Amino acid sequence: MVSGARAGALCSRRDLVAQPPAGAGSAPDPGPPPEGQQRPLAAGVLAVQGSFAAHARALARLGVEPRLVRRAEDLEGLRYLILPGGESTVLSHFLEQQGFGAALAARLGSGELAALGTCAGAILLGREPAGGGPRTGRQPVRLGLAPVEVERNAYGRQLDSFRGPVELAGSFAAFAARLAAEPSPRAAPPPERFEGVFIRAPRFVALGPEVEVLGRHGGEPVLVRWRRLVLAAFHPELTADLRLHRYLLEEL
């Protein structure tokens, strides 16, 4: 188990989701993009199962109309895609059944399509840990694009879910520092940290030489980047913090 302070005995997914203040209908609006900058419009979310709706709301708050991706033709013209958390076996089975897993892998592998994979999405983008021995139960068929070995459910079961600080690093830390310097009508989060929501979270047990660490929890990498792919072991969409979604759209 990775060390780090845990915010009490958080046992349900609802306990972990950022709740708006009393009387507020939604999280605070992030404000307009920086002067002279226009948000890209071709962004989608794999909308099969899991927390895709929360990701779609995050994109909408950034002024991007999200495309819900359920068929191969939905990938047409996309520049950015989010693979959400959920059940990695269900997501991978859907890709196989619908027959567009190969098309998705080709777009992502060529760099034509950038992606953010959170929790289960990170499992699909990454690779099976080497030397792990035989696996019991149904296993997801991974895209295996990023040279990151990802162990499923490494942080424990649902009852072991927790919130914890993610210390930012690399290009994401630099990006967060730039955002912190922007004029903002609302209180900005600490530029050096991101609040992570870990629900049956995977662990990145081995990283390839070109993989950049973007965030750590308890000294271990929980947010990494390889080329135009970002893998997160936690759920950024379950907080009010939009910086990781902005990083996808503005830095990839």
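Read-outs throughout are calculated quantities, based only on the coordinates presented, and are distinct from any laboratory measurement. Just so it is clear, the structure is predicted and the values come from calculations on it, not from any experiment. As a convention, Cβ positions derive from the backbone with ideal geometry for all residues, glycine included, and neighbour counts pool all protein chains shown.
Sites listed here are trypsin sites (Lys or Arg not before Pro) in segment 165-252 whose DSSP assignment is loop and whose Cβ has at most 13 other Cβ atoms within 10 Å: 186.
Using C-alpha pairs below 8 Å separated by at least 6 residues, the relative contact order for segment 173-230 is 21 percent. Annotation for residue 57 and residue 76: the two label points, set 7 Å from Cα along the Cα-Cβ direction, are 3.1 nm apart.
Short-range pairs are left out: with C-alpha atoms under 8 Å and at least six residues apart, the relative contact order of segment 45-155 is 25 percent.
Across segment 156-252, Cα-Cα pairs more than 24 Å apart make up 19 percent of the total. A simple spin-label model places the labels of residue 220 and residue 181 3.5 nm from each other, with each point 7 Å out along Cα-to-Cβ.
Amide H contacts for residue 69 (H built 1.01 Å from N in the peptide plane; partners 5 or more residues away or on another chain; cut-off under 5 Å): 45, 46, 47. Under 5 Å between amide hydrogens, built in the peptide plane, is the criterion, and for residue 193 it picks out 168 among residues at least 5 positions away or on other chains.
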